[in-house]
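Working notes, structure below.
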Amino acid sequence: MRYETFLNQLLASAAGQFRLVRGGMATLCRIGCDCLAAGRSVALLARNREERNLAAACTRLFSPDMSVQAADPARPRWREPWIILPSGLEHRIGWIERIATFYALRRGKSLGLVASLDNMLLRF
């Protein structure tokens, strides 16, 4: 199946419907960037910290606005099209990123989210 055909089928799904796609991280990031550009929200789940870092780099590469834009530390994280959640809950920055993510989701606009599996697990 051609990429354009697959992407059109993916984008033709009804709003509020979830789609799971499995593939290599670069392919998933490309699909995610194209879906985000079409106004859909995207969540990419990485197995570990290295895959999460690869996903962060690929989403920046495949997003035209982000790849040519200089990093601005004063720009709030919730205004970025992609939010990358840090691994683990050990440090304060991780919680700040999570709060920024929840705020961005509350705004109701399309958003890309990259997280690793340890963001989904609770540690006691």
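Points worth noting:
- Matching entry among TRP82, TRP95 (being modelled with pLDDT of 80 or more, surrounded by 11 or more Cβ atoms within 10 Å (Cβ to Cβ) and among the aromatic types (Phe, Trp, Tyr)): TRP82
- Residue within region 45-53 that is free of Cβ contacts under 8 Å to residues at least 24 places away in the same chain and on the phi > 0 side of the Ramachandran plot present: no
- Scanning region 44-62 for residues that are part of a helix (DSSP H, G or I), over 23 Å from PHE18 (Cβ atoms) and out of contact with any helix residue (DSSP H, G or I) (no Cβ under 6 Å at 6 or more places or on another chain) yields ARG49, GLU50, ASN53, ALA57.
- Failed item, numbered, when ILE31 is tested on (1) out of contact with any Cys (no Cβ under 9 Å at 6 or more places or on another chain); (2) under 23 Å from PHE102 (Cβ atoms); (3) surrounded by 11 or more Cβ atoms within 10 Å (Cβ to Cβ): (2)
- Scanning region 98-124 for residues that are in a helix (DSSP H, G or I), touching a strand residue (DSSP E or B) at 6+ places or on another chain (Cβ under 9 Å) and either exposed (fewer than 15 other Cβ atoms within 10 Å of the Cβ) or at pLDDT 75 or above (or both) yields LEU105, LEU117.
- Hey, PHE18 surrounded by fewer than 12 Cβ atoms within 10 Å (Cβ to Cβ), closer than 15 Å to LEU113 by Cα and among the aromatic types (Phe, Trp, Tyr) or not: yes
The values are calculated or read from the model by the stated rules, or taken from the named source; none is laboratory data. Values in this document were obtained by computation on a predicted structure and should not be read as measured data. Here Cβ is always computed from backbone atoms with ideal geometry, including for glycine, and neighbour counts include all displayed protein chains.
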